[in-house]
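The values are calculated or read from the model by the stated rules, or taken from the named source; none is laboratory data. On a predicted model such as this, the values are computed, not experimentally measured, just so you know. We place every Cβ from the backbone using ideal geometry, glycine too, and count neighbours over all the protein chains shown. The accessibility values were calculated without ligands, DNA or RNA, using every heavy atom of the protein model including side chains. Shrake-Rupley method; radii C 1.70, N 1.55, O 1.52, S 1.80 Å.
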Amino acid sequence: MGTTAKEEMARFWEKNTKSNRPLSPHVTIYKWSLPMAMSITHRGTGVVLSLGVSLFSLAALLLPEQFPHYLAMVKSLSLGPALIYSAKFALAFPFSYHTWNGVRHLV
């Protein structure tokens, strides 16, 4: 009669424990490279853009006032130019990086 899955797994783990090998390569053994960093950043900006569009569309559906009302409310806060330019950069960077990195990948 054959062995059960539980017995097979026990034998597998016993063999791996005796051989004293790591289970899998750890992230720390890899040397960082530019393509690796660009790939991670591309994925991160894609997630940020997806969340941003989802939150903006959800807000457009659920908030009671129209967009000009909220824009006037932000303008009335009299935020400094450093904060405004930082916010603009935080909005523009993920979009531009993700777009141009996607074009680079396609080329």
*Hey, could you check region 65-93 for residues that are open to solvent by 90 Å² or more (accessible area, probe 1.4 Å) and among the hydroxyl-bearing types (S, T, Y) and say which is farthest from the chain's Cα centre (by Cα)?*
S78
*Quick one: would you say N16 is surrounded by 10 or more Cβ atoms within 10 Å (Cβ to Cβ) and either over 24 Å from L91 (Cα atoms) or modelled with pLDDT of 90 or more (or both)?*
yes
*Being basic (K, R) and within 28 Å of H105 (Cα to Cα), is that true of even one residue in region 39-62?*
yes
_Just the residues that are surrounded by 10 or more Cβ atoms within 10 Å (Cβ to Cβ) and either of a type in the set (D, E, K, R) or not in a helix (DSSP H, G or I) (or both), please, taken from region 94-107._
R104
*Scan region 82-107 residue by residue and report those that are more than 17 Å from V47 (Cα to Cα) and hydroxyl-bearing (S, T, Y).*
Y85, S86
_Considering only region 42-64, I want to know if a residue exists there that is at pLDDT below 90, open to solvent by 80 Å² or more (accessible area, probe 1.4 Å) and within 29 Å of the chain's Cα centre (by Cα)._
no
